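Novice: Below you'll find the structure I mean.
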Amino acid sequence: MMNNPRDAVGVILRFPIIIALAALWTITIWPYIAAFSLLVLVGKPILYWPLYLVVWLWYAFVGSKEAVLADYWKDYPAIYLDWFTLGYLGLHLWLMKGWGN
């Protein structure tokens, strides 16, 4: 990954800045994202049957032949678990590659 000494020195110089940004991110914004993700992870299975009933009744009313909630479980739970790493992947990229690339 690091082909020359300049890359290694760059990582060492960027490390304190990235740690400060990671701490700021973890303290301020990340808890809200994690709480929302956890809420969706728990709430989505609970809301499925009431929502299914409402959509099924709506489709019956309008005469639709579409599948009811066909994409409801698409990417569940992977997409919501990925929200827990939101921000940290960018910080890792900044640490390893820097801001110029």
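Novice: Under 22 Å Cα-Cα from K65, which lysines qualify once same-chain neighbours fewer than 8 residues away are excluded?
Specialist: K74
Novice: Efficiency by 1/(1 + (r/R0)^6): what FRET value for W49 and I29, r their Cβ-Cβ distance, R0 = 35 Å, to the nearest 0.05? Please report the intermediate quantities before stating the final value.
Specialist: Numbers: r = 33 Å, r/R0 = 0.94.
Efficiency for this residue pair is about 0.60.
Novice: Which of the DSSP-defined H helices in the chain satisfy a minimum axial length of 15 Å, computed from C-alpha atoms, and a minimum mean Kyte-Doolittle hydropathy of 0.5? Intermediate values should be presented prior to the final figure.
Specialist: Working: long enough: 5-28 (34 Å, 1.41); 30-62 (42 Å, 1.48).
TM-like helix candidates: 5-28, 30-62.
Novice: A follow-up question, please. Helix-only mean residue ellipticity at 222 nm, the chain, DSSP H runs n ≥ 4 weighted -39,500 (n - 2.57), per residue, nearest 500. What is it? Kindly include the intermediate steps, with their values, before the conclusion.
Specialist: Values: 4 runs with 72 residues, N = 101.
Using -39500 (n - 2.57) per qualifying helix, the result is -24000 deg cm²/dmol.
Novice: Now for a separate question. Any idea how far the Cα center of region 58-96 sits from the one of region 22-53, in Å?
Specialist: Result: 12 Å between the Cα centres.
Novice: Still on this model: Dipole of region 5-97, Cα-centred, from +1 at each Lys and Arg C-beta and -1 at each Asp and Glu C-beta, to the nearest 20 debye? Let's see the in-between values first.
Specialist: Working: 6 positive and 5 negative charges, 43 e Å.
In debye, rounded to 20, region 5-97 gives about 200.
Novice: For percent of Cα pairs over 18 Å apart, the choices are [x] 51; [y] 56; [z] 64; which was calculated from the structure?
Specialist: [z]
Every number here is computed from the coordinates shown, using simple stated rules; none is lab data. If you're wondering where the values come from, they're calculated on a predicted model, not measured in any experiment. All Cβ positions, even for glycine, are placed from backbone atoms using ideal geometry, and neighbour counts span all protein chains on display.
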